[in-house]
Amino acid sequence: MSAVQHNVCLVDDDKIYQFTAKMILEATGLTSSIKTFFNGKEAIEYLTHPDNQHPETLPDVIFLDINMPIMNGWDFLNAFENIHASLPKKIVVYVVSSSVDESDIQKSKGYETVTDYVIKPINREKYRNLLSALV
């Protein structure tokens with residue numbers, strides 16, 4: 001039996017992190033597609049675009065950075081809280097940050113759409129565990 005394949009969305013303004021995370025995620029064998037966005041605004045626009053309102057085009061999981069230009073992770077979460085119920089499938093959100101600030105961790109727990117707060121860097125085993133938990 002083959003592993004379940006997931007649509008993944010990376011929202012992070014760091015090109016090196018995006019590249020590395022994409023390589024590591026592909027190496028888990030648990031992804032069918034990986035979409036990348038450099039800020040929350042791009043991701044929200046993708047999620048709300050009429051062409052993407054199908055379960056197969058939307059991500060199963062979003063790995064969301066906090067500190068980004070234009071629309072940061074908190075602004076994305078505020079917008080996502082307003083639209084998630086209207087999307088045709090449940091999307092799991094992990095806040096991913098290098099910040100170990102307890103106030104950031106606690107703030108992330110205030111969002112019903114956030115599954116967990118994950119501290120960077122993330123290795124293949126951690127991504128594998130997070131993706132395996134989606135099944």
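Taken together, the values in this text are just the output of simple stated rules run on the coordinates, not laboratory data. Remember, predicted model here, so these are calculated numbers, not experimental data. No Cβ is skipped: glycine too gets one built from the backbone with ideal geometry, and neighbour counts run over all protein chains shown.
Computed quantities for the displayed model
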| item | result |
| --- | --- |
| Gaussian network model of the chain, springs between alpha carbon atoms under 10 Å - residue of Asp14, Asp65, Asp101 with greatest fluctuation | Asp101 |
| The stretch 89-135 shape via C-alpha gyration tensor axes, a/c threshold 1.5 | oblate |
| Integer Hz, Karplus 6.51/-1.76/1.60 couplings in order for the stretch 13-21, x for Gly and Pro | 7, 8, 4, 5, 4, 4, 4, 5, 4 |
| Gyration tensor verdict on the chain (Cα atoms; rounded if a/c is under 1.5, prolate if a/b is larger than b/c, oblate otherwise) | rounded |
| Sequence-distant residues sharing a close amide H with Tyr111 (under 5 Å, placed H) | none |
| Gaussian network model of the chain, Cα within-10 Å springs - most flexible of Asn39, Asn82, Asn52 | Asn82 |
| Global form of the stretch 1-71, assessed from the alpha-carbon gyration tensor, a/c cut-off 1.5 | oblate |
| Segment Thr57-Ser98, extension gain: residue separation times 0.36 nm, minus the distance between their alpha carbons | 11.9 nm |
| J(HN,Hα) series, the stretch 84-94, from Karplus relation 6.51 cos²θ - 1.76 cosθ + 1.60, nearest Hz, glycine and proline x | 4, 5, 8, 6, x, 7, 7, 10, 7, 10, 10 |
| Derived scalar couplings ³J(HN,Hα) [the stretch 29-41; Karplus, 6.51 cos²θ - 1.76 cosθ + 1.60; whole Hz; x for Gly, Pro] | x, 10, 10, 9, 8, 10, 9, 10, 9, 8, 7, x, 4 |
| Calculated FRET efficiency for the pair Met23/Lys89, C-beta based, R₀ 25 Å, to 0.05 | 0.45 |
| For Val92, distant residues with modelled amide H under 5 Å away | Val61, Ile62 |
| The chain, helix-only ellipticity at 222 nm - DSSP H runs n ≥ 4, -39,500 (n - 2.57), divided by all residues, nearest 500 | -11000 deg cm²/dmol |
